[in-house]
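The values are calculated or read from the model by the stated rules, or taken from the named source; none is laboratory data. Computed from a predicted model, the values in this text were never measured in an experiment. All Cβ positions, glycine included, derive from the backbone under ideal geometry; neighbour counts span all protein chains shown. Heads up: the accessible areas ignore ligands, DNA and RNA and are worked out on the full protein's heavy atoms, side chains in. Shrake-Rupley method; radii C 1.70, N 1.55, O 1.52, S 1.80 Å.
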Amino acid sequence: MMINIREKLQKYGTDSLTTQELIAVILGTGIKDCDITKLSAQVLIESDNLRQLNFDSLLKQKGVGNAQACKLLAAVELGARKIERDVLPKEQISLSKLGKHLINKIGNSPQEKLIAVYLDNGFHVIKEQVVFMGTVDSATVHPRDILRVGLKLGAPQLIICHNHPGGSLVASPEDRRFSQRLKECCELVGINLVDHIIVTRQEFLSFKAQDLI
């Protein structure tokens, strides 16, 4: 079985493998009463979210040893760090494309992250930057930290985005207050605040689409 998976990977690339097959490649081998196919399926079934896997839970899986658990956790973390470092291409961006990008980038983060996407007048991306990590509200995030970068870049437009680790897609009173304060500051320096986007693991909410901005 492993030979077939490796041949498939070599011939068609990693994109051709299912999540179960990728796990099988990382784990390498199974045990006498649990071959690699069953073992990888078992790990996948027990892990609704790969980012929530931990060493102890993996060792509870029959056939997973210390070395295999370490390799799998390292692979998951490497993938997560790769996604976090992905940036938007410097081209015209749509709300749908931006929302999907943000879900992949910060939707699974256990910590709130605030991202600023700086745009030109044609909605082409100039720069994307994480500007804050922590609780996003008007008391902890100052607009000047966001606008300073925009002014330096000469960006006439801005979209801000942050995640809700708890999974709620509802804009909190703090979210609304922060958006309003940032919008007022943007107007003072001639930057157009296009939107504020909230993301969870699977969805995103646009303040503009909801008439909240």
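Odds and ends about this structure:
- Within the stretch 156-165, the set of residues being open to solvent by less than 10 Å² (accessible area, probe 1.4 Å) and either among the hydrophobic types (A, V, I, L, M, F, W, C) or farther than 29 Å from ARG201 by Cβ (or both) comprises LEU158, ILE160, CYS161.
- In the stretch 81-93, the qualifying residues are those that are open to solvent by less than 60 Å² (accessible area, probe 1.4 Å) and in contact with a strand residue (DSSP E or B) (Cβ under 6 Å, 6 or more places away or on another chain), and the one that is modelled with the highest pLDDT is ILE93.
- The numbered conditions (1) open to solvent by less than 80 Å² (accessible area, probe 1.4 Å); (2) farther than 22 Å from GLN111 by Cβ are all true for ASP211 except (1).
- Looking across the stretch 156-187, the residues that are under 13 Å from ILE198 (Cβ atoms) and either in contact with a helix residue (DSSP H, G or I) (Cβ under 8 Å, 6 or more places away or on another chain) or touching a residue at least 40 places away in the same chain (Cβ under 8 Å) (or both) come down to ILE159, ILE160, CYS161, HIS162, ASN163, HIS164, PRO165, ALA171, PHE178.
- Among the residues of the stretch 33-80, those that are closer than 30 Å to CYS161 by Cα, open to solvent by 100 Å² or more (accessible area, probe 1.4 Å) and modelled with pLDDT under 70 comprise ASP48, GLN52.
- Here LEU188, LEU153, LEU205 are screened, and the one residue that is open to solvent by 40 Å² or more (accessible area, probe 1.4 Å) and either under 16 Å from LEU98 (Cβ atoms) or out of contact with any strand residue (DSSP E or B) (no Cβ under 8 Å at 6 or more places or on another chain) (or both) is LEU188.
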